[in-house]
1. I'd like the orientation of helix A:3-26 relative to chain A: the angle between its Cα long axis and the longest Cα principal axis, in ° from 0 to 90, rounded to 10.
2. Starting from the Kirkwood Rh over alpha-carbon pairs, what translational D in µm² s⁻¹ does the protein assembly as shown have by Stokes-Einstein at 37 °C and 0.692 mPa s?
3. What's the percent breakdown of Cα-Cα distances in region A:1-120 across 5 Å bins, shortest bin first?
4. Got the relative contact order for chain A handy, in percent, Cα pairs under 8 Å and 6 or more residues apart?
5. Could you derive backbone 3J(HN,Hα) for region A:49-60 from the dihedral phi with the Karplus parameters 6.51, -1.76 and 1.60 (θ = phi - 60°), listing whole Hz in sequence and x where the residue is Gly or Pro?
6. Report the longest stretch of chain A that contains none of the chymotrypsin sites (Phe, Trp or Tyr not before Pro) sitting in a DSSP loop with at most 13 other Cβ atoms within 10 Å.
7. State the extension gain, in nm to one decimal, for the chain segment bounded by A:Asn89 and A:Arg27, taking 0.36 nm per residue of separation less the distance between their alpha-carbons.
8. What percent does the relative contact order of region A:24-124 come to when contacts are Cα pairs within less than 8 Å and at least six residues apart?
Amino acid sequence: MNLFRLMGDVSHVLAVFILLAKIWRTRSAAGISGRSQILFTIVYLARYMDLFFSFISLYNTVMKLLFISASCATVYLIYFKFRATYDGNHDTFRIEFVLVPSLLLAFIFHYSMSFFELAWSFSIFLEAVAILPQLFMVTKTGEAENITSHYLFALGSYRALYILNWIYRYYTEGHFDPIAVCAGIVQTILYCDFFYLYVTKVLQGRKLQVLP
Amino acid sequence: HYVRAAHDEL
């Protein structure tokens, strides 16, 4: 554990709770892509199946359970409890376009040809692109509410901080995980355009609007 | 360290 990873994890947890709290307090899922949230739930379920046979630390176990339960709760709020407020008309990104390539990549790049390792690789690749339905939705509606922007900023920062963590671990422990690093870089690049808009608009008190 | 035995990150 180093400071970069800790900050990355804090940012990740913060993102998850910002989203849950926003939906709960406004009693609305407007502007949130249910499809992205389903993809994140698949990511956590596929990656954290090792909960049952591999113990890293209490910290890891608690975080894994937290991400699985929070993402399931988010999907439940969007598709069941506040279904009437969910903006399904604008949430039209075809998720098979990210599910199928992630699965294919997992069969090509993995650390061993076992079910759990394939699931782990699949989850790493899928996580990199799971935000696409949400970014697509923001582009389609042309704007995002400020709290949604804060959510996206925290979620994007998490993987960017992990990149610093990987650089640090490479020099201090010789640790190098090519699959996570490559996917993590792609994941962070996908947020760059949003980061720019966030800094130039949201942080200056304006609403995030995308030019057509 | 190149190929990991356990995934210790989240």
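The numbers here are math on the coordinates, done by the rules we state, and not lab data. Computed from a predicted model, the values in this text were never measured in an experiment. Virtual Cβ from ideal backbone geometry, glycine too; neighbours counted across all protein chains shown.
1. Between helix and principal axis, roughly 30 degrees.
2. Working: Rh = 18.0 Å.
Translational diffusion coefficient: 183 µm²/s.
3. The calculated distribution, bin by bin, is 2, 10, 16, 18, 18, 17, 11, 6, 1, 0.
4. Numbers: 259 pairs, mean separation 66.1, N = 212.
RCO, chain A: 31 percent.
5. 4, 6, 3, 7, 9, 10, 9, 9, 6, 4, 4, 4
6. Details: sites that count: A:Phe53, A:Phe55.
Maximal segment without exposed cleavage sites: A:56-212.
7. On the way: separation 62, 0.36 × 62 = 22.32 nm, distance 1.88 nm.
The A:Asn89-A:Arg27 span can extend by a further 20.4 nm.
8. Working: 86 pairs, mean separation 42.8, N = 101.
Rounded, it is 42 percent for region A:24-124.
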